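See structure below.
The values are calculated or read from the model by the stated rules, or taken from the named source; none is laboratory data. All values reported here derive from a predicted model rather than from experimental measurement. For neighbour counting, all protein chains shown are included, and Cβ atoms are generated from backbone atoms with ideal geometry for every residue, glycine included. Calculation scope for accessible area: heavy atoms of the full protein, side chains included, ligands and nucleic acids excluded. Shrake-Rupley method; radii C 1.70, N 1.55, O 1.52, S 1.80 Å.
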Amino acid sequence: MSHSRSIFITGASSGIGLATAKLFHDKGWQVAATMRDPKDAASWMTGERCVIFACDVTDQSALDAAAGETLSKFGKIDVAFANAGYGLNGPIEGATEEQMLRQFDVNVHGVARTIKAVAPDMRARKSGLIITTSSIGGLIGMPMAPFYISSKHAVEGLIESARFELAPFGIQMKLLEPGGIKTDFSRRSADWTDHPAYADAISAGKKMAVDLLDSAPAPEKVAEVVLKMATDGKDRLRYLAKPGPYVALYKALPDRLWRGMIQMALRNAAKN
Ligand SMILES: NC(=O)c1ccc[n+]([C@@H]2O[C@H](COP(=O)([O-])OP(=O)(O)OC[C@H]3O[C@@H](n4cnc5c(N)ncnc54)[C@H](OP(=O)(O)O)[C@@H]3O)[C@@H](O)[C@H]2O)c1
């Protein structure tokens, strides 16, 4: 068994998960990179300190198997990074039953399943850190994303609550809250509801989402925050990562002004 530290990551095929896997690997960590399709694995992941597992976070048995094999290979999981997720955007009236359930199945229950997979070993060793990717959308509401935003609010509640049951076993919980980050999030990974009454708002929302993320910071910047979370030794719950101006404005402005500002941004996106 090696003595270097190990991290177990969900959603390591692209974006924040991939950048985090690479940074930790470069820093000498052992990396268990899980992804839905291992064909999406980066070429460096075939190295000695990395293992790749097929893992959909809607499948508890796949997560359990991946965690079990990681433990066999690395001896322990020091840090679990529950990162997999995607955004269901668009108005509530346009959502199918399947779309609504899937958003929470992946973003919320996927995190709970990841915790269930890694907690038994951490509990037995009385040591471990679970970092979950939330979002600034877990703190504030945004237009044309009620399901995604509410799923991330649920993640905030899940982790803020779960830390009380896990702390007595030496397991620490931290929430990563990125702002807009340039990943596949607003294109390949995005799902949209559809409804003719909201056609203009949907097309403005799509444009705003793509424009915002195209000019956003790179996921490597977020990976640096994850590394800090894993190594700073602090007993701290929330870490913002490149949040942009939104969280500060949300806190500072009266609600009427905040809403007006966001509605104006949506109207401008619709015009352009
Ligand atoms: N980009 C942003 O602006 C932003 C801001 C705040 C928070 N976030 C959060 O950051 C996390 C990572 O997103 P990203 O920005 O890096 O976007 P991304 O590049 O689209 O990555 C999303 C990752 O999640 C995986 N995933 C989706 N559904 C899955 C499932 N059912 N089982 C397992 N893996 C699944 C994807 O796998 P596949 O390759 O198989 O699709 C991919 O690896 C998400 O939780 C997202 O909500 C993103």
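The figures follow:
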read-out	value
Distance (nanometres) between label positions extended 7 Å along Cα→Cβ at GLU69 and SER215	4.4 nm
Per-residue SASA entry for TRP44, accessible area with 1.4 Å probe, Å² rounded to 10	60 Å²
Global geometry of segment 217-258, whether rounded, prolate or oblate, following the gyration tensor of its Cα atoms and the 1.5 cut on a/c	oblate
Carbon and sulfur %, accessible surface of segment 42-128 computed with the full protein complex present, 1.4 Å	53 percent
17 Å reach of a label modelled at MET261, 7 Å along Cα-to-Cβ, counting backbone N of segment 169-193	179-180
Acute angle (nearest 10 degrees) that the helix 255-271 long axis makes with the longest principal axis of the chain, alpha-carbon atoms	80 degrees
Rounded percent of accessible protein surface that carbon and sulfur make up, segment 140-249, 1.4 Å probe	57 percent
Whole-number percent relative contact order across the chain, with pairs defined as alpha carbons under 8 Å at least 6 apart	20 percent
Cα long-axis angle, helix 15-26 against the chain (0 to 90 degrees, to the nearest 10)	30 degrees
In nm, spacing of pseudo-spin labels at GLU48 and ARG187 (7 Å Cα→C-beta vector)	3.7 nm
Beta bridges per DSSP with both ends in segment 6-245, % antiparallel, nearest 5	0 percent
Rounded accessible area per residue of segment 6-245, 1.4 Å, Å²	42 Å²
Residues whose placed amide H lies under 5 Å from that of PHE53, excluding near-sequence neighbours	ALA33, THR34, MET35
Helix 60-74 vs. the chain, principal-axis angle (Cα, 0 to 90°, nearest 10)	40 degrees
